[in-house]
Amino acid sequence: MRRLTTLWLLATASLLPAAPALAHDSGATPETIGAFPALVGLSFMIAGLYATGWARRRRAAGTAPGHRTQAAAFASGLAVLLAALAPAADEMADTLFSAHMAQHLALVLIAAPLLAFGRAGLLAGMGLGRAPRRIAGRLGFERVRRTCHGMPGALLAWFAFCGVFAFWHLPGPYGWSLRSFPLHVLEHASLLASAYAFWAVALARPSAALGHGARLAYVGTAAVVSSFPGALMILAPRPFYAAHAQGGWGLTGAEDQQLAGLVMWIPGGLVYLGAMCWILLAWFAEAERRARLARASLPAISLLLLLAAQGQARAAGDNSMPGDARQGARLIVETGCGACHVIPGITGATGLVGPPLKQIGRRVFLAGLLRNSPENMVTWLRDPQAIVPGNAMPRLGLSEAQARDIAAYLATLR
């Protein structure tokens with residue numbers, strides 16, 4: 001990750017002095033000449049924050065191949081963003097309507113999903129440091145983020161994405177963006193931001209609020225809605241957009257508009273189709289994993305019954321367990337439990353992979369199977385795979401004493 005980040009930062013930094021010359025050579029406007037170096041500088045800063053957040057997550061949760069894939073997706077997304085908004089691309093988009101539509105699709109269907117898959121917002125936020133994150137928490141940003149992961153947030157992201165996409169492809173708003181540079185910046189920024197929110201939901205892990213089937217419908221309906229502008233462009237008998245009515249590069253205005261519609265239909269449709277296939281494959285893989293888990297759990301029934309009987313016997317007597325809760329809190333931080341769980345009283349424990357551990361000391365069962373007793377908690381912490389093979393919680397390599405300390409802290413969460 002360090003080598004990847006260094007190469008990325010050097011590449012983006014090298015574009016800063018070359019950007020004005022590139023803009024002049026391409027015939028770009030004075031606004032573009034000043035805006036592109038600023039965009040490169042902003043991407044430079046975001047890449048630095050992302051690298052810092054990535055390193056912090058690595059220290060907290062350990063290295064995993066998926067993390068490197070996310071970093072590569074983030075770097076690719078930033079590269080596509082810079083290429084789509086480079087002065088040469090902007091100059092061609094001002095002349096050809098089809099080039100302008102290709103520019104929009106690069107932002108919405110390539111850069112945005114790559115950045116969302118790379119979890120750009122989360123990791124760049126982790127790179128800000130404790131003080132800014134603490135201020136954001138006091139301002140309620142964490143509560144907003146959790147709300148956005150549910151069904152209301154998913155619906156809001158869907159309507160924002162489809163609404164913003166449709167609005168900026170109406171002839172009126174599109175013409176306004178060409179006549180005003182600030183509106184042009186707003187157009188691209190709103191398309192990218194709404195697309196990032198949409199793809200962050202579509203590419204997230206399935207949850208109770210939005211499972212595999214719901215995500216298929218989520219992406220499929222957006223594909224249908226976003227195809228309407230392209231269909232109208234192809235079927236229209238005359239150009240809709242006055243700024244491109246004369247055409248360019250050997251194309252008439254009608255031909256340029258029809259080419260733009262084909263670009264929106266075919267490459268754009270393939271991106272949506274690819275995303276739906278990816279979700280469908282993940283659905284099949286999840287179903288196969290559940291089937292394997294069900295078969296593997298049969299031999300463990302006797303063990304579960306034995307553990308439950310032991311737990312009931314101990315519950316009838318002394319339900320306490322020797323252990324140091326303060327030492328357990330320190331061990332929770334050191335083992336990186338907060339990367340997967342929300343744990344009250346543990347700084348930075350905001351992970352969403354596993355269930356939140358609030359009031360776990362009052363729960364009746366552990367993992368939906370074991371009776372919640374101190375001995376069963378220690379058994380689960382030391383070897384969760386022996387209880388539920390294939391579950392997401394890894395073996396942490398805890399000793400008996402360490403597991404008892406952690407169990408003692410979790411018992412205080414009531």
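Every read-out reported here was derived from the displayed coordinates using simple, explicitly stated rules and does not represent laboratory data. Predicted model, so just to flag it, every value in this text is computed and none were measured. Neighbour counts are summed over all protein chains in view; Cβ atoms, including those assigned to glycine, are modelled from backbone coordinates with ideal geometry.
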Exercise. Quick one: net charge of Arg238's neighbours, Cβ under 15 Å, K/R +1, D/E -1?
Worked result: -2
Problem set entry | Segment Leu186-Ala236, extension gain: residue separation times 0.36 nm, minus the distance between their alpha carbons | 15.3 nm
Exercise. Farthest toward the dipole's positive end in segment 318-411, which of Val364, Tyr409, Gly323, given Cβ charges of +1 (Lys, Arg) and -1 (Asp, Glu) about the Cα centre?
Worked result: Val364
Exercise. Which part of segment 202-232 falls in the paramagnetic zone of Met151, meaning amide N under 14 Å from the point 7 Å along Cα-to-beta-carbon?
Worked result: 207-215, 218
Seminar exercise, completed: Non-local residues with an amide H under 5 Å from the amide H of Arg371, with H modelled 1.01 Å from N and Pro and chain starts lacking one, are Leu366
Problem set entry | Segment Ala160-Val224, extension gain: residue separation times 0.36 nm, minus the distance between their alpha carbons | 21.5 nm
Exercise. Between His212 and Gln246, what FRET efficiency follows from the Cβ-Cβ distance if R0 is 51 Å, with the result rounded to 0.05?
Worked result: 0.60
For this session: Within 10 Å of each residue's Cβ, count the other Cβ atoms and sort Met264, Met126 from fewest upward.
Result: Met126, Met264
For this session: Starting from the Cα of Arg289, step 7 Å along the direction of its Cβ; do the same at Ala386; then give the gap between the two resulting points in nm.
Result: 2.4 nm
